[in-house]
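Okay, structure first, notes after.
The values are calculated or read from the model by the stated rules, or taken from the named source; none is laboratory data. Values in this document were obtained by computation on a predicted structure and should not be read as measured data. Here the Cβ is made from the backbone with ideal geometry for all residues, glycine too, and neighbour counts use every protein chain on show. Just the protein is used for accessible areas: all its heavy atoms, side chains included, with ligands, DNA and RNA removed. Shrake-Rupley method; radii C 1.70, N 1.55, O 1.52, S 1.80 Å.
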Amino acid sequence: MASSPATIGDFSVLPVSIPPLPSFPKNAVHYLYVRRHTPKIPTPTDSRSLFVTNVPVDSTEAHLRALFASLVGAGRFESATFEDESKEAHSQSQSQSLIDVAQPAHAARLLQAHGRKRKREDDEAERAREEAAVRLPSTWTRPLRRSGSTAVVLLADEKSVQQVLKAIGKAHKTKKYPAWPGSDDLPEGKVPPLGPAWLKAHNRLSYPDRQALQASVDAFSALFARREQEAAEIAKRLRNEPDEDGFVTVTRGGRSAPASRTEAEEAKRRMLEKQEKKKEELTNFYRFQLRERKKAEQAELLKRFDEDRRKLEAMREKKGKFVPEA
Amino acid sequence: MEPAPAKRRKLGHGPEGAEAALESAASTGISRSRAFVLEAEELLDSVRLDHATALDGADALLHRIKEAIEAIKPHEPRPIAEAAAKLEKKHKIKVPFPDPPPPENSNYKVAFEKPAQFNVVGSYVSKTMVRTQKDHAIDMVVVLPEGILQEKDYLDLRYFYKRAYYLAVVASALRKVFDSESTLSFERLNGNPLCPVLAFRPKASKDKDSENPEDKRVLDYRIRIIPCAPDGFFPKNKLHLGAPLVRKSQAEHSDTPPHPTPFYNSTLVAESCFLPYLKVLRKAEKKCAAFKNACMLGRIWLQQRGFGGDISQGGFGHFEWAVLLALLLQGGESKGHAALSASLSSTQLFKALIQFLSVTNFAEEPCVFGPGNGPGKSELASHLESGPILYDSAQQLNIAFKMGPWSAALLHQHAKWTRSLLADSAADQFNPTFILKSDFPSVSFDLFARLKFDRASVEAGADFRGPAWRLGSEVYRILKRALADKEMGERARLIHLQAPACPPWPLAEAPDTQGTSPLEIGVLFDPANMARTVDRGPSAGPSAQEKEKCEEFRRFWGDKAELRRFERDTIRETLIWTSTTPFDLCEEIVRYVIRRHLRIGHLHDEITVYGNSLPDLLSLKPADTALFNVAKKAFGAFERDVRDLDDLPLRVRQIAPICPELRYASVKPPTFGSEKSGPRPLECVISFEASGKWPESLVAIQRTKIAFLSMIGSLLESSKPGEAKTHIGLENSKFETENLAFLDVVYESGTSFRLRIQSDLEESLLERQVKDKTLEQYLRQRATTQLATFRRLFTNLPLHNQYISTCATRFPALSPTIRLVKHWFNAHKLSCHFTEEFIELAVLHVFLSPYPWDAPSSASTGFMRTLLFLSRWDWRSEPLIVDTGGDMPAADRASVGTRLEAWRKIDPNMNHTVLFVATAQEPSGVAWTTLRGEPKPCKVAAARMTSLAKSASRLIREQGVELDCRRLFVPSLKDYDVLIRLNSKAVKSTLKTFATADPDEAESTTQAKFKNLDERTGLAPLPLAQHPADLFLEHLSAAYGGPLVFFRGAVDDHTIGAIWNPQMQRRSFRINLPTSYKPAAEKKRAEDGEEQESDDEADVVEVNREAILAEIARIGAALVDKIEVKGA
């Protein structure tokens, strides 16, 4: 195997030797690219984080823990955040959290603008609890990463970062690459196996216990009902309260009940019918309409004729179209 | 058009008339027919021969031939035997006497004189030859001088003996003169054994060809020298169809009145009609400007359908077409005035003649032209026995005398098909009419048989058409009686025969009449009737009439006929067949009747039958239909069970099936309660009456659905205690706004169904999101995808299910064809890229727009035609429009085309839309060819489909009926870079899971002491949420969507093929890599560096193939047996 460069760009290249498997009995080398984590929006843990790209698809925190342990010894590794997980977290922070979307669509804006400002601190725990209650059980024992995706590894301290980078350099010199942990190297029971067992587990998890499912749905309904209630209350309040400019916001639910969907549709259909009828009565009523229509039809015919010509032209370009098959 | 002032005023008064005309013109798709005209003109331009260059030197050659013939020394009459012997001895030329040759001791005398006249006739003079003709011939007629003929020569082949001798003399003279520059051979004029002609093939033209083979302008032509009788020499009234003119040989045998010899007589008449018909054609050409072009169109149309003037090609060629057209222009059918106007254009003439051929079935009723003094219709009708009749009274000739009843029937049928095509304004009219070749037996006929026969054993008969023809007409009569008669329930729509052609033979030899080429039989099924296993004959009553009928029936069917009692105490003659499939039934009947009546087929290899290997391949059985029906019935019961639930908060509006098993379209018929796997539920959707109670939030709707499903489940379980078991399953969904769950209902009987709930509000909420401009782009994009998924699942699929099952009952061959085509996609590992619905629609298209044939009537023709269609479909520029209802307005079709053009403009690389398949219900065109925002198939897979279909259809064309159909289904594994072999045992083990057993324990429990007594005994397995093999592939595709393209067939295909995406092999390093890369090797970089200096090649990375494959091996674990790399 040709030696690989120790760095590429500002990344250190970390070669990882992949032990052969009976189905693919070859010694492969996987390359991780590692550098210090410098996100655009700094966070307090940046100094002891490493940014890793091109993690293997079957990576888990346990895998990376074992890998870093083999590089710099145990106890340096704290946690790892994978690309897809962080994305999820990111999107959730943008009010896409499950418990935040548990509200009627029309109420979203209302609640955002006029809802009570929650107190952050004591809400956090409450939110987490609600979130867990509402979330449906996962159907996979462990996820697969997209090939070539990234992760952020949090280490114990800044010194560990130094050590890791040094160890990578050393691995290049000695040509002793750390090995990707196999199922034997990982703590028993921590990492569910892939392959058939993984697929079977998925099928089993796809059919969750009915009570648990019901509980989750109930929790959601309760939350949703509460939000609906809140929205209705705010709406009611707003109906009577002019804002600072003196305008009263028009909101749902007034004196009369809101028009039902079916009624609205019926009304629309009637209106369309009426228009149609009116239109029909007046077509071909005047002579000029007839003349114009005929003209339009002729123009249409001419247009189509031109179109055919063009198509024929195109076919001629392609050639071979006009010779009978032998 | 002539101006008609009187009418014009009227038009002014009633604008309605003109308007209606305009409207009707617009609605019948004038643009289509306009396109047809333009295309036909273009076709004529491209096939027209440039006579000056293509047949350069032909005129001079003809003159030289004429001079050479004129220079032959005449000689006095001498006995025929002596003259023939002299020719053979001196010139080594065997006189091509018709069979039987003149008797040795006959005192006929033959002489030679200068020909009375020379003339060039046929398409050379009228310049209607086309480039794509099989062979090009210039016909030169040599009129025999009256001096060497006697009036009585029309009797007993005497004329033909003299003609043959004359020809031999001409041949000897020409050989002397042109020996170095031409090859001479005898051949039969249009396969007519009575009329040998001399074929003169200039060698020079061949040399020219070899010099510059690209120069196709010079043709390889031949000159046919045709001796013929002087016009009006033989008294035509004595040559009428019923006259027995060959008396000698018959008289010896018996004293019964001699048989009429219609073919012999017509040949004689035709012998003296060359020049009159030349005149007729010249006149038509002069009168009607478009005549020549119409003839060329006709020639192409006939040629694409395998018709030609030769007897073996049906006996209806360009000459017959031209004469028919000329007669119609001259004066129509017996009434005297012209049937066609001379001012019509060539396409109009063509269409008119097609129309004429499609309404006149001259095999069943004689068709007479002109008022002449010939025999009347009724008199002619009595000669229909001997063949179809197309009688020209002016020449007193049956133009169709070379045709058999089968070729007339085929012509009639083709004309009908073409007519219905020309009436179908929506279809592409041009290509099926002129471009597509439609005479491959394996594509045209449902059953094809070869009948080997011994020519010596078949007596030639009195009519001189040869033993093959004689046997053919017998076979046709018998098969028609057995298969196509009204009385026998019309099992077949068409029976076609093809007699072997007679090849040219050298001058010194006798024609090879003992050829071994077999008689070919093609049968086109009526799919509704062919599957019948019991035939009911006449009822066995006491009356004389009934008795006679039964007698006749028994005479025909022999021992097979037996008496059976039916309902209402009728006793009938009955035939019971043992086979079950339509094909086997047909084969059984054909073999039986041929053996019974012709004593052929006792030896096994005498009859070979082709066309059944395809259904055998998939073991399609008639019982499969029953299995599909069982599934349908089970679904009906399930629907009733759900509808009967009283406590549902909303009323059920509809429960619709959405899976191929419930529309007769799955490769394997549905089976229930398999031991080896958990139940695989059949998918359905349920919709409720409109309700305002759905919450106005997508997330909440999805949760409500779960609650709803759970309620349906528990209600079902309590209403059917012990009978139905329900499970709520979670979808593999990414977002909370997608459908989250389904309900699986497993019945005790083994049937199982999967239910998903439709909520109308969900659709409108999604629509609102798609339209909401204030929303972020990625959210709108996601909503668009979800809306497409929603519509596909709840709107399009139920409709699709409905019309596919309707069509499956309308076309009995549709369901097996779909299954075969799906099998083909599976075999070539394409099916993971295509939706099943797309395949079904492509097959349906072949049934709904079957031109140039009718809808396929068996699975094998349907399959082959689908392959032909797929190979021809240019999906880059053409949408596939399947008009399921048959009433799609032209405007809608046009808009589908426009939409495709728009897509191609937006997305010229076809990253988002590749195939475009629209139906009347689903005009967007992408519902079946995109899935979750991704094109399905991608461009690579679509191109692979086309190339595979192309090579398959090439095989079909080249190999014909001999093709071993298994070859069409052999995947070429060497095309893939990587092969992932799955372990079938491991895959099977994943098919069964239990709710209680922990997956980690699953391995250990298998080692329990008693296999049948482990803790799971008595437990029902969980249904399969999704097939594990599918899941595995889905994960691989998700993880390696960039670098690898995977190919796999059905779920039981345990070899996954994959190819590396060549566009992703090398790139410069960046943070977000699309897949696993390794730093490019030093050596390679150095090489590259030399080539392109400037690139910052230090950062170049390349795909880390081995690491990726190792990852796949890790994901698959025990599932993957082996990963094979090409070249390793």
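Computed from point charges on the beta carbon alone (+1 for Lys and Arg, -1 for Asp and Glu), the dipole magnitude for chain B about its Cα centre is near 2260 Debye.
Within segment B:559-602, what residues put their amide N at less than 13 Å from the label point 7 Å along the Cα-to-Cβ vector of B:Glu385? Of the residues in segment B:559-602, none has backbone N under 13 Å from the label point off B:Glu385. Helical content of the protein assembly as shown, expressed as a calculated mean residue ellipticity at 222 nm, amounts to -13500 deg cm²/dmol (DSSP H runs of 4 or more residues, -39,500 (n - 2.57) each, divided by residue number, nearest 500).
Using the Cβ-Cβ distance between B:Lys203 and B:Arg954 with R0 = 30 Å, the FRET efficiency computed as 1/(1 + (r/R0)^6) comes to roughly 0.35. Relative to the longest principal axis of the C-alpha atoms of chain B, give the angle of the C-alpha long axis of helix B:582-598, reported between 0 and 90° and rounded to the nearest 10°. With rounding to tens, the tilt is 20 degrees.
Remark: for residue pairs A:Lys200/B:Lys985; B:Lys283/B:Lys416; B:Lys94/B:Lys152; B:Lys287/B:Lys402; B:Lys822/B:Lys950, the C-alpha separation exceeds 19 Å in B:Lys283/B:Lys416; B:Lys94/B:Lys152; B:Lys287/B:Lys402. Among the protein heavy atoms of segment B:811-972, carbon and sulfur supply 52% of the accessible surface, probe 1.4 Å, non-protein parts ignored. Mean sequence separation of contacting Cα pairs (under 8 Å, at least six apart), scaled by the length of chain B, corresponds to a relative contact order of 7 percent. Listed by chain and number, the lysines placed with their C-alpha closer than 30 angstrom to that of B:Lys547 are B:Lys480, B:Lys486, B:Lys560; residues fewer than eight positions away on the same chain are left out. If you take the square roots of the eigenvalues of the alpha-carbon gyration tensor of segment B:811-972 and sort them as a ≥ b ≥ c, do you get rounded (a/c under 1.5), prolate (a/b over b/c) or oblate? The shape class here is oblate.
Across the cross-link table entries B:Lys66/B:Lys109; B:Lys176/B:Lys286; A:Lys190/B:Lys1078; A:Lys40/B:Lys1078, which are compared at the Cα atoms, the separations over 32 Å belong to B:Lys176/B:Lys286. Largest first, the residues B:Phe445, B:Phe319 sort by 1.4 Å accessible area into B:Phe319, B:Phe445.
Rounded to the nearest 0.05, the FRET efficiency derived from the C-beta distance between A:Lys295 and B:Asp56 at R0 = 45 Å is 0.25. What is segment B:844-920 by shape, rounded, prolate or oblate, if you read a ≥ b ≥ c off the alpha carbon gyration tensor as root eigenvalues and call it rounded for a/c under 1.5, prolate for a/b larger than b/c, and oblate otherwise? The shape class here is oblate.
Lysines near A:Lys268 by alpha-carbon distance under 17 Å, same-chain residues fewer than 8 away left out - which ones? Answer for A:Lys268, where 17 Å is the Cα cut-off: A:Lys277, A:Lys278, A:Lys279, listed by chain and number. Solvent-accessible area lost on pairing B with A (1.4 Å probe, both sides summed) amounts to about 8400 Å². Which net charge results for the neighbourhood of A:Arg48, defined as the other residues with beta-carbon distances under 14 angstrom from its beta-carbon, given Lys and Arg at +1 and Asp and Glu at -1? Net of charged neighbours comes to 0. Once the Cα atoms are used to define both axes, helix B:158-178 deviates from the longest principal axis of chain B by about 80 degrees.
Suppose we compare each residue of segment A:170-197 in its chain alone and in the full protein complex with a 1.4 Å probe; which ones drop by at least 50 Å² of accessible area? Buried by 50 Å² or more upon assembly, which counts only protein chains, are A:Pro196.
Taken residue by residue and averaged, Cβ atoms of other chains lying within 10 Å of the Cβ of B:38-49 number 3.
The residues of the protein assembly as shown expose, per residue, 48 Å² of accessible area to a 1.4 Å probe.
Cα centroid separation, segment A:138-207 to segment B:160-189: 91 Å. The H on the amide N of B:Val685, modeled in the peptide plane, is under 5 Å from the matching H of B:Ala656, B:Ile658, B:Arg756, each at least 5 residues off or on a different chain. Is the shape of segment B:781-830 rounded, prolate or oblate, going by the alpha carbon gyration tensor and its root eigenvalues a ≥ b ≥ c, with a/c under 1.5 for rounded and a/b larger than b/c for prolate? Taking the square roots of the gyration eigenvalues as a ≥ b ≥ c, segment B:781-830 is oblate. Extension gain, B:Glu490-B:Ala289: 0.36 nm per intervening residue step, less the Cα-Cα distance, totals 68.0 nm. Of all aspartates and glutamates in the structure, the ones whose alpha carbon falls short of 15 Å from that of B:Lys720, not counting any fewer than 8 places away in one chain, are B:Glu639, B:Asp641, B:Asp644, B:Asp646, B:Asp647, B:Asp744, B:Glu748.
Averaging Cα coordinates gives a centre for segment B:844-892 and one for segment B:46-105; these two points are 52 Å apart.
Once C-alpha pairs closer than 8 Å and six or more residues apart are averaged by separation and normalised to the residue number of segment B:811-972, the relative contact order reads 27 percent.
The angle between the Cα long axis of helix B:467-479 and the longest principal axis of the Cα atoms of chain B comes to about 50 degrees, rounded to the nearest 10. Can you give the local net charge around B:Met129? Use residues other than it whose beta-carbon is closer than 12 angstrom to its beta-carbon, Lys and Arg +1, Asp and Glu -1. Spelling it out: positives minus negatives among the neighbours equals +3.
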